[in-house]
Amino acid sequence: MLTFIFKRLGLALLVALTVSFISFSLLFLSGDPAAALAGETASGEDVEALRRLYGFDRPMLVQYAEWLFSALRGDFGESYYFKLPVASLIAERLQVTMTLGLCGILFALVTAVPLGVIAAIRPNSLIDRVALFLSVAGQAMPSFWFGLILIVVFAIQLGWLPPSGAATWRHFIMPTIVLGYYAMPAIMRLTRAGMLDVLNSDFIRTARAKGAGETRVLFKHALRNAIIPVVSLAAVQMGFMLGGSIVVESVFALHGAGYLAWESIARNDLPTVQALILVFSMFYIVFTFLADVLNAWLDPRMRSA
Amino acid sequence: MTDVMDPLAAEIHGPSPRQLLKARALSHKGLIFGMVVVLLLVLVAILAPVLAPHDPYAQSLMTRMVPPVFMGGSWEHPLGTDHLGRDYLSRLIYGARVSLMIGAIAALISGVIGTAMGVAAGYFGGKVDAVVTFLINVRLAMPVVLVALAVVAILGGSLTVVICVLGLLLWDRFAVVMRASTLQISRRDYVAAAQVIGASTPRILLTEIMPNVFNNLIVIVTLEMAHAILLEAALSFLGLGVQPPTPSWGLMVSEGKNMMLFEPWLVLIPGAVLFVLVLAINLMGDGLRDVTAPEGRS
């Protein structure tokens, strides 16, 4: 088990290092970062001054090493636009995004797991078909459009919920639904498949044979086993969702890290963009690592992988 | 696999695999629905200049925000006009071109990259496999929307840039699936037989491996095409994808957003068309998987 954890940890670190290099090299994609920063109207001297100020005149690898070591100390440089340290800027905005991501994944689990269980108990029933339809439709629904429809119906027509902002918990209801809906199909399908699999296994037959009640069989014996892969999928989906929150946050004007990313990209604020890509990747890497370890802990067969 | 035409032979052998495939395909409602809708929209995209009642770029300040015909408008503009007086139906029709072209080319680029990586990893194993698996992990760790937005913003939002960025980002599922299928196929006896008789590696990959992983590949192509279309719409909606005045459905939703309060149809119509296209492509992909691999159906 310990070997497995160390192996996975090493892999996660290597992935993180590669991602950090890619997000750093974005700066050089435009050709000359100093010229891009100075704007089209700047004179040659201005560009030179900026180049020296930000150290763009040194070799790229030196700049990368310096950026990486500062990043490891939690220093991502200063935002071109806000003139504030990027790290504190992101830390402040992450609260909203983390709240949204957590609510989103909880919403997805609370709705998708029961649907998946019912679908598995009664395959090909009406509920199974509805669940299947919802999961197919969910994958095809553009999240920005879904969000706008919710705003039109629940904020404008009915006036039940505030259309945008993050002041109270009621502001989070619609964004949670839009973000959570995105993770539902995968969780539902996995729950359904897992339950179908477990319900056909010998120990369930034994449990029924010894006279255990149907509720007890379903929840104590079956769901417990079927839920293991769902939990690790939820962790991976959570990593994806934080990255996907950029669309949802911009639709509902939630000033979280995703919104910050959108603003910073539009303003060409590269230090912030680089740091955000790295931060979102780190969340994904940490979540998948935890999911792997959880899986290996619960199911020793996974440790050899 | 020749079709059995002789009735006596048919009685002995039963229907050929190809006939079974056809029968399964024709009885699969999702597949038929998906294919019909996709085919219709492809035709609309190809015939756009013939079908569109107006020039999608022609502005007219006299006829701005005309409502669609079912909301009190006239047949002159069946789906109304936008805030610049451009005919909405014509923009929708030309928008089908943008969506389908981006989806198809991005899926093609990512398909080539992902298949090459996946097949190599699955067939050669060892170090090649380790490198490919590592690259897949790196790619999955990068937030797609964020990276795509940043790159498009840096390089400028043209159709070519959007297509290339999506093509270079969406290869992960191809690589994962092709790796698994190749791993499975390359353990078969006929691959070993080909190796034993001295067939070259490229020959084995092309004549033994590729034909047998092709069904899986087609399924992923359709699903990734849908993925690319949705992502393009999201990028354009955020203002960092296809640039105005190009008619892109995501861009139309974004332009209509500000007038959503009074004219919700400006947002509803392009979004609904986008939803139907992506739904149809996904149903087609799911259907193809059911039909070509009936044993894997749950």
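From A:Leu100, A:Leu89, A:Leu115, grab the single residue that is modelled with pLDDT of 85 or more, within 17 Å of the chain's Cα centre (by Cα) and away from every other protein chain (no Cβ under 14 Å).
A:Leu100 is the lone residue from the list that is modelled with pLDDT of 85 or more, within 17 Å of the chain's Cα centre (by Cα) and away from every other protein chain (no Cβ under 14 Å).
Which residues, taken from the stretch B:139-198, are small (Gly, Ala, Ser) and in a helix (DSSP H, G or I)? Before you say what the answer is, go through the steps one by one.
Of the stretch B:139-198, the ones small (Gly, Ala, Ser) are B:141, B:148, B:150, B:153, B:156-158, B:167, B:175, B:180-181, B:186, B:192-194, B:198.
B:Ala141, B:Ala148, B:Ala150, B:Ala153, B:Gly167, B:Ala175, B:Ala180, B:Ser181, B:Ala192, B:Ala193, B:Ala194, listed by residue number.
Of the residues B:Phe237, B:Phe174, only one is crowded, with 24+ Cβ neighbours inside 10 Å and either among the hydroxyl-bearing types (Ser, Thr, Tyr) or within 14 Å of another protein chain (Cβ to nearest Cβ) (or both); which?
Values: B:Phe174 fails: either among the hydroxyl-bearing types (Ser, Thr, Tyr) or within 14 Å of another protein chain (Cβ to nearest Cβ) (or both).
Selected residue: B:Phe237, the only one of B:Phe237, B:Phe174 that is crowded, with 24+ Cβ neighbours inside 10 Å and either among the hydroxyl-bearing types (Ser, Thr, Tyr) or within 14 Å of another protein chain (Cβ to nearest Cβ) (or both).
One line per residue, one yes/no per condition, for (1) β-branched (Val, Ile, Thr); (2) more than 18 Å from A:Leu9 (Cα to Cα):
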site: A:Gly244; (1), (2): no, yes
site: A:Phe252; (1), (2): no, yes
site: A:Ile265; (1), (2): yes, yes
site: A:Leu276; (1), (2): no, yes
site: A:Ala291; (1), (2): no, no
site: A:Trp297; (1), (2): no, no
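Could you identify the single residue in B:Glu263, B:Glu232 that is within 12 Å of another protein chain (Cβ to nearest Cβ), acidic (Asp, Glu), in contact (Cβ under 8 Å) with a residue 60 or more places away in the chain and assigned to a helix (DSSP H, G or I)?
Values: B:Glu263 fails: assigned to a helix (DSSP H, G or I).
None of the others qualify; the one that does is B:Glu232.
Here are A:Leu27, A:Leu17: which of them is over 30 Å from A:Tyr181 (Cβ atoms), in a helix (DSSP H, G or I), within 14 Å of another protein chain (Cβ to nearest Cβ) and at pLDDT 85 or above? Write out each step before concluding.
On the way: A:Leu27 fails: at pLDDT 85 or above.
Exactly one residue qualifies, and that residue is A:Leu17.
For the list (1) more than 9 Å from every other protein chain (Cβ to nearest Cβ); (2) more than 17 Å from B:Ile163 (Cβ to Cβ); (3) crowded, with 19+ Cβ neighbours inside 10 Å, I need the number of the one condition that B:Leu251 fails.
All conditions pass for B:Leu251, except number (2).
Out of the residues in the stretch A:189-218 that are surrounded by 14 or more Cβ atoms within 10 Å (Cβ to Cβ) and among the β-branched types (Val, Ile, Thr), state the one that is nearest to the chain's Cα centre (by Cα).
Going residue by residue through the stretch A:189-218, those that are surrounded by 14 or more Cβ atoms within 10 Å (Cβ to Cβ) are A:189-199, A:204, A:207-208, A:212, A:217-218.
Now drop any that are not among the β-branched types (Val, Ile, Thr), which leaves A:191, A:198, A:204, A:217.
Values: A:Thr191: 20, A:Val198: 29, A:Ile204: 35, A:Val217: 34 Å.
Among residues in the stretch A:189-218 that are surrounded by 14 or more Cβ atoms within 10 Å (Cβ to Cβ) and among the β-branched types (Val, Ile, Thr), the one nearest to the chain's Cα centre (by Cα) is A:Thr191.
Kindly evaluate B:Val278 against the criterion of being part of a helix (DSSP H, G or I), more than 13 Å from every other protein chain (Cβ to nearest Cβ), under 21 Å from the mean Cα position of the chain (by Cα) and within 28 Å of B:Leu92 (Cβ to Cβ). It would help to see each step written out before you state the result.
Details: part of a helix (DSSP H, G or I): yes; more than 13 Å from every other protein chain (Cβ to nearest Cβ): no; under 21 Å from the mean Cα position of the chain (by Cα): yes; within 28 Å of B:Leu92 (Cβ to Cβ): yes.
Here the answer is no, as B:Val278 does not meet what is asked.
Any residue that is among the acidic types (Asp, Glu) and surrounded by 24 or more Cβ atoms within 10 Å (Cβ to Cβ) - is there at least one of those in the stretch A:250-271? Talk me through it step by step, then tell me what you get.
We begin by selecting, within the stretch A:250-271, every residue among the acidic types (Asp, Glu); these are A:263, A:269.
Okay, now just the ones that are also surrounded by 24 or more Cβ atoms within 10 Å (Cβ to Cβ), so none.
No, that holds for no residue.
Here is a check on your reading of the model: is B:Gly125 surrounded by fewer than 21 Cβ atoms within 10 Å (Cβ to Cβ), out of contact with any strand residue (DSSP E or B) (no Cβ under 8 Å at 6 or more places or on another chain) and not polar (S, T, N, Q)? Walk me through it before giving the result.
Numbers: surrounded by fewer than 21 Cβ atoms within 10 Å (Cβ to Cβ): yes; out of contact with any strand residue (DSSP E or B) (no Cβ under 8 Å at 6 or more places or on another chain): yes; not polar (S, T, N, Q): yes.
Spelling it out, B:Gly125 is indeed surrounded by fewer than 21 Cβ atoms within 10 Å (Cβ to Cβ), out of contact with any strand residue (DSSP E or B) (no Cβ under 8 Å at 6 or more places or on another chain) and not polar (S, T, N, Q).
So is A:Arg224 part of a helix (DSSP H, G or I), out of contact with any helix residue (DSSP H, G or I) (no Cβ under 7 Å at 6 or more places or on another chain) and on the phi < 0 side of the Ramachandran plot or not? Lay out the reasoning, then the answer.
Working: part of a helix (DSSP H, G or I): yes; out of contact with any helix residue (DSSP H, G or I) (no Cβ under 7 Å at 6 or more places or on another chain): yes; on the phi < 0 side of the Ramachandran plot: yes.
Taking the combined requirement at face value, the residue satisfies it.
Let's see how each residue does on (1) among the charged types (D, E, K, R); (2) under 21 Å from A:Ile265 (Cα atoms); (3) without any contact (Cβ under 8 Å) to a residue 12 or more places away in the chain:
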position: A:Ala65; (1), (2), (3): no, no, yes
position: A:Phe69; (1), (2), (3): no, no, yes
position: A:Glu78; (1), (2), (3): yes, yes, no
position: A:Leu84; (1), (2), (3): no, yes, yes
position: A:Glu92; (1), (2), (3): yes, yes, yes
position: A:Gly104; (1), (2), (3): no, no, no
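Conditions: (1) surrounded by fewer than 16 Cβ atoms within 10 Å (Cβ to Cβ); (2) more than 14 Å from every other protein chain (Cβ to nearest Cβ); (3) assigned to a helix (DSSP H, G or I); (4) more than 20 Å from the chain's Cα centre (by Cα). A:Trp160 meets all but one. Number of the miss?
(3)
Would you confirm, using the coordinates I've provided, whether A:Ile151 is part of a helix (DSSP H, G or I), aliphatic (A, V, I, L, M) and either more than 14 Å from every other protein chain (Cβ to nearest Cβ) or surrounded by fewer than 20 Cβ atoms within 10 Å (Cβ to Cβ) (or both)?
So A:Ile151 does not fit the description; no.
Identify the single condition in (1) under 24 Å from the mean Cα position of the chain (by Cα); (2) within 12 Å of another protein chain (Cβ to nearest Cβ); (3) farther than 19 Å from A:Ile246 by Cβ that A:Ala167 does not satisfy, given that it satisfies every other one.
Every condition holds for A:Ala167 apart from (2).
Scan the stretch A:255-276 and report the pairs whose first residue is within 8 Å of chain B (Cβ to nearest Cβ) and more than 24 Å from A:Phe56 (Cα to Cα) and whose second residue is modelled with pLDDT of 85 or more and not in a helix (DSSP H, G or I), with Cβ atoms within less than 7 Å and a gap of 6+ or a chain change.
These pairs meet every condition: A:Trp262/B:Leu238.
Residues of the stretch B:145-158 being surrounded by 19 or more Cβ atoms within 10 Å (Cβ to Cβ) and more than 7 Å from chain A (Cβ to nearest Cβ), which ones? Give the steps one after another, and end with the answer.
If we filter the stretch B:145-158 for residues that are surrounded by 19 or more Cβ atoms within 10 Å (Cβ to Cβ), which is where we start, we get B:145-154, B:157.
Across the stretch B:145-158, the qualifying residues are B:Ala148, B:Val152, B:Gly157.
Okay, residues lined up against (1) assigned to a helix (DSSP H, G or I); (2) at pLDDT 85 or above; (3) more than 30 Å from B:Pro245 (Cα to Cα):
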| site | (1), (2), (3) |
| --- | --- |
| B:Glu11 | yes, no, yes |
| B:Met62 | yes, no, no |
| B:Leu79 | no, no, no |
| B:Val98 | yes, yes, no |
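Test B:Ile209 against the criterion of being in a helix (DSSP H, G or I) and within 14 Å of chain A (Cβ to nearest Cβ), and give yes or no.
Values: in a helix (DSSP H, G or I): yes; within 14 Å of chain A (Cβ to nearest Cβ): no.
In short, no.
The values are calculated or read from the model by the stated rules, or taken from the named source; none is laboratory data. Please read all numbers here as calculations on a predicted model, not as lab measurements. Reconstructed Cβ throughout: ideal geometry from the backbone, glycine too, with neighbour counts over all protein chains shown.
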